[in-house]
Amino acid sequence: MKPSGKYSLLLSLYLAQSVPMSFFSTALPVILRQENFSLTSIGLLQFVKLPWLLKLFWAPAVDATARDARGYRKWIVTSEIFYAVVVFSMALFDLRTDFSTIVPLIVIALLFSATQDIATDALAVRLLKPEERGPGNAVQSAGGFLGTVVGSGLLLAAYGWFGWKAVALGLGALVLLAVSPVFTVKTEDFAAPHTGRKVRWLDIVGFFKGNSAPARIFLLLTLWAGIIGIIAMLKPFFVDKGLSLTEIAFLNGVVGTAFAAASSLLGGQLIKRAGLRFSLNLFLVLNALAALFLYAVNHSGSHLALYAGSIGIWTAYGFSSVAVYVFAMNGVRGGLEGTDFTSQIFLTQLSALLISALSGRVADKLGYDALFFGGAVISAAVLAVLNTKWARGRLFPEGAEDSAPG
């Protein structure tokens, strides 16, 4: 399979999971509020994300059974068929009167989506050669951002035009359509043969026992720590700066996300040409500069400056996202691709969750200046640690760009 074929396949699969996820977690709360649901009811939607947080616990089962192209197809196609069936079934219910039934259905749907994600990530690791991982993971990151635009933007508008049933049916159809390219994958397309390794649940723990584990865990927890809290507080910041809801939706949901997708693609090419180590250093510098720029924007009354600040932080986020995915992919062990990749991404998601929650308190108690300047300091500190002998020797031994846990 040509590299372009691999990238288009991965883009299709990642869109299949990101569009519904974005709709259920981002657009649906807006719809429910418009339908006069209580904030307590809307808060229940946070539980729909649980399958994505807990998926690492059944990732070993995917690795244990998906030995070749047929195995990966089975997991991906089966998961997506059940995913689509559950989404289709939501069209049978009325959002206003059957909300308590629809929420469990969303959880079940995202359970299948999370399983598909494990298999897709493992498939990506097996498909992509080392030199293809930059562009390949850029497609993954960009697919997530584009899925956000479609799921939280276009589908929200579609609900206003056509209603709940049409959106549910459209989501199910999109899932089935997007997964169809996986049938083109053959075992001979894999960059490396399967190791025949016996997979156990304890392999999740084993990944974090190697010599490089402390440095790897540190970078996974902190790579985007300097900007993720800022992004979580970006909408409230714009509200306090006097932007309308329409302007905020356009600035964050369209402009910001589009720049993040574009920088993901650019970042993938940079990693391919300049290497991961150089790119990580550059992206951390960009994170710090983007945070400092927002610090300056906070003291400006210009709406143009707000737009520039948003573009800057979302661009930095796109670069960091693709770096996280490439870094995680480079660290997986043969035969444990799904388990190891999922375990690493779990750490980044856990870090993002905690930092986002803390960012609100920082902004509330100390102000936006502290949040923005603190983000720049964190990025600078991570950059400094990354260039210590301790980190370099474990993550990039003897100057190597690709390293696995040892």
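With unit charges on the beta carbons (Lys and Arg positive, Asp and Glu negative) and the dipole taken about the Cα centre of the chain, which residue among 378, 175, 190 sits farthest to the positive side?
Among 378, 175, 190, the one farthest towards the positive end of the dipole of the chain is 190.
Using a 10 angstrom cutoff on alpha carbons, build the Gaussian network for the chain and name the most mobile of 153, 206, 253.
Maximum among the listed residues: 206.
Using only the Cα atoms of region 1-194, each taken as one equal point scatterer with no solvent, compute I(q) by the Debye sum, divide by I(0), and report log10 of the ratio at q = 0.15 Å⁻¹.
-0.87
Give the residue from 32, 83, 161 lying farthest towards the positive end of the charge dipole for region 1-194; charges sit on Cβ (+1 for Lys and Arg, -1 for Asp and Glu) and the dipole is referred to the Cα centre.
Value computed over the given set: 83.
Arrange 200, 70 by Cβ neighbour counts within 10 Å, fewest through most, would you?
So the ranking, lowest neighbour count to highest, is 70, 200.
To the nearest 20 debye, what is the magnitude of the charge dipole of the chain about its Cα centre, counting +1 on the Cβ of each Lys and Arg and -1 on the Cβ of each Asp and Glu? Display every interim value, and only then the final one.
Numbers: 31 positive and 22 negative charges, 154 e Å.
My answer is approximately 740 debye.
At q = 0.07, 0.13 Å⁻¹, what log₁₀ I(q)/I(0) does the chain have when each alpha carbon counts as one equal point scatterer in the Debye sum?
Here log10 of I(q) over I(0) equals -0.32, -1.15.
Measure up 74/165; 49/209; 2/272; 6/235; 6/272; 2/198 against 26 Å on the Cα-Cα distance and list the ones that go over.
Numbers: 74/165 29 Å; 49/209 28 Å; 2/272 17 Å; 6/235 36 Å; 6/272 16 Å; 2/198 30 Å.
Table pairs above 26 Å Cα-Cα are 74/165; 49/209; 6/235; 2/198.
In debye, nearest 20: dipole of region 1-194 around its Cα centre with unit charges on the Cβ of K, R (+) and D, E (-)?
200
Quick one: Kirkwood hydrodynamic radius for region 200-406, alpha-carbon pairs, angstrom, one decimal?
Computed over Cα pairs of region 200-406, the Kirkwood hydrodynamic radius comes out at 17.6 Å.
Taking the Cα centre of region 294-406 as origin, sum charge times position over the Cβ atoms of Lys and Arg (+1) and Asp and Glu (-1), and report the length of that vector in debye to the nearest 20.
The calculation lands at about 260 debye.
Rank by packing, highest mean first: peptides 288-297, 51-60, 89-98, with packing defined as the count of other Cβ atoms within 10 Å averaged across residues.
288-297, 51-60, 89-98
Tell me whether region 45-112 comes out rounded, prolate or oblate; compute the Cα gyration tensor, take square roots of the eigenvalues as a ≥ b ≥ c, and use a/c under 1.5 as the rounded threshold.
On the way: a/c = 5.26, a/b = 1.86, b/c = 2.83.
Since a/c reaches 1.5 but b/c is at least a/b, the shape of region 45-112 is classed as oblate.
Can you give the calculated 222 nm mean residue ellipticity of the chain, where each DSSP H run of n ≥ 4 adds -39,500 (n - 2.57) and the sum is split over every residue, rounded to the nearest 500 deg cm²/dmol? Write down the numbers at each step before the final one.
Values: 21 runs with 293 residues, N = 406.
So the helix-based figure for the chain works out to -23500 deg cm²/dmol.
Which whole-number percentage describes the relative contact order of region 1-194, with Cα contacts under 8 Å and a sequence gap of 6 or more?
Computed value for region 1-194: 43 percent relative contact order.
Bear in mind that the values in this text are calculations on the coordinates, not laboratory data. Quick caveat, the model's predicted, so the values are computed rather than measured. Quick reminder, even Gly has a Cβ in these numbers, built from the backbone with ideal geometry, and neighbours come from all protein chains shown.
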